[in-house]
Amino acid sequence: MNSKKPVYVTQPYMPPLQEFIPYLEQIWDSKWLTNNGYYHRQLEKELCKYLEVPYVSLFSNGTLALMVALQALHITGEVITTPYSFVATTHTLLWNNIHPAFVDITPLTFNINPQKIEEAITSRTTAIVPVHVYGNPCDVDEIQRIADTYNLKVIYDAAHAFGVRCNGKSVLNYGDLSVLSFHATKIFNTFEGGAIVCHDEEMKRRIDLLKNFGIADEVTVLTSGINAKMCELQAAFGLLQLKYMGHILSRCAEIDCHYREELNGVPGIRVPHRLAESHQNYSYFPILIEPDYPLSRDALYQKLRDQGIYARRYFYPLISDFPMYRGLPSAVATNLPVAKLVSERVLCLPIYTDLAKDDQNRIIGIIKSGL
């Protein structure tokens, strides 16, 4: 029986508890627990500066943020998206009575393939929902060209893309809206949480109305909104963690570099490259298990689990394989050959701030021992 402490794919960075106590005392003293409190307003302000974006609206989680983003832009009809993502990306479409249309991904970045987007556009298409997978930016320029040509909205699922930059600026400045997740598994977290990044004050006002029941003031309700507000406790933790982002990112970069040094060139292991023109956040470390590796992907996955290492087949199965989606014409495997192949070979290895060097070397050793 393995007696070592389990190692997971991601673990939240927890600042020293004593540094969180003053935030808690202020919340207790003020008795302002939610509804746009001091820490909520402060975190929105600090995130705008850190992420170099004009407007941020905080949410209780990223799924509600994506649901509201679709509402804020009045998206209807059909939306083109990727099957290679967490299922919440597409669930939010169904919850808004929107028809998802899946297109394939690129073998280089695992992001949505712009050429396939253009081929899938119909008279019912109103928007594109791409995903910056593992923090690798989508082909934002080509996606915007397509959107402009066909008069489509673009909402980026940027759950993996906190702090990511491309073309010299934050990737969150692309598209009509970008949606972040601050779930505990993310590189920046607020326990649970999320945000929408938008580009003008009028849109921020609309988003803020939608996340608070549509309430404008004590006697005025302007739209049929939902309750998706971030509470003060979440916001306070976010403010504290933001102070440590330099340490978090540099540590994850070290882990990423060590994996690459040790696993590049291992027969049967493909380490996807990082885009040179982007600034990464190193929040995920995927590898592909190729046919010439002695073990199958699932066999290696189980071998790691047997040693208390909980790597993840992320994303497997494809969203298009789940019962509520597999009947869609766009969900057939022949329409998604690259996504299908990647989902059957991908394995995300543990990467987080407190991952011990001994544990990382143990992971590397198990992978190499498959040879």
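With a cut-off of 11 Å on the backbone N, the residues of the range 271-308 near the modelled label site 7 Å out from SER369 along Cα-Cβ are 303-304, 306-308. May I ask which of LYS49/LYS186; LYS45/LYS169; LYS169/LYS229; LYS153/LYS204; LYS116/LYS204 have a Cα-Cα span longer than 21 Å here? In this structure, LYS169/LYS229; LYS116/LYS204 lie more than 21 Å apart at Cα.
Summing Cβ point charges (Lys, Arg +1; Asp, Glu -1) relative to the Cα centre of the chain gives a dipole of roughly 700 debye.
Taken about its Cα centre, the range 86-175 carries a charge dipole of about 220 debye when Lys and Arg each add +1 at the Cβ and Asp and Glu each add -1 at the Cβ. In the context of the full set of protein chains, residues of the chain present 43 Å² of accessible surface per residue (probe radius 1.4 Å, heavy atoms only).
Counting every alpha-carbon pair across the range 148-225, the share separated by more than 16 Å comes to 62%.
Report, in deg cm²/dmol and to the nearest 500, the calculated mean residue ellipticity at 222 nm for the chain, where each DSSP H run with n ≥ 4 adds -39500 (n - 2.57) and the sum is divided by the residue count. Spell out each step's value before the answer.
Details: 12 runs with 137 residues, N = 371.
Taking each H run of at least 4 residues, the total per residue is -11500 deg cm²/dmol.
Considered as an equivalent ellipsoid built on the Cα gyration tensor, the chain has semi-axes of 33, 28, 17 Å, the largest given first. Could you work out what % of the accessible surface of the range 190-341 is carbon and sulfur, using a 1.4 angstrom probe and leaving DNA, RNA and ligands out of the count? Of all accessible area on the range 190-341, carbon and sulfur atoms account for 54 percent. Label separation (THR220 vs ASP148): 3.7 nm, computed from points 7 Å beyond Cα along the C-beta direction.
The range 226-283 and the range 121-175 have Cα centres separated by 20 Å. Starting from the range 1-68, pick out the trypsin sites (Lys or Arg not before Pro) whose DSSP state is loop and whose Cβ has at most 11 other Cβ atoms within 10 Å. Loop-located and lightly packed - LYS4, LYS31. Around the amide H of GLY77, modelled in the peptide plane, lie the amide H atoms of HIS99, all under 5 Å away and 5 or more residues distant in sequence or on another chain. Considering only LEU242, ASN189, ILE207, the residue lying farthest towards the positive end of the dipole of the range 188-316 is ASN189, judged by Cα position with unit charges set on Cβ.
When the Cα positions of ILE226, VAL271, ALA69 are compared along the charge dipole of the chain, VAL271 comes out farthest toward the positive end, with charges on each C-beta of Lys, Arg, Asp and Glu. For the pair the range 1-61 and the range 185-218, the centres of their Cα atoms are 15 angstrom apart. Projecting label points 7 angstrom from Cα along Cα→Cβ for LYS31 and ASN167 puts them 5.1 nm apart.
Per-residue extension of 0.36 nm, minus the Cα-Cα distance of SER250 and PHE213, leaves a gain of 9.3 nm for this segment.
The values are calculated or read from the model by the stated rules, or taken from the named source; none is laboratory data. The structure displayed is predicted, hence computed values, not measured ones. When we count neighbours, we look across all protein chains shown, and the Cβ atoms used for this are built from the backbone with ideal geometry, even at glycine. Ligands, DNA and RNA are stripped out before the accessible areas are found, and what is left, the full protein with its side chains, is counted by its heavy atoms. Shrake-Rupley method; radii C 1.70, N 1.55, O 1.52, S 1.80 Å.
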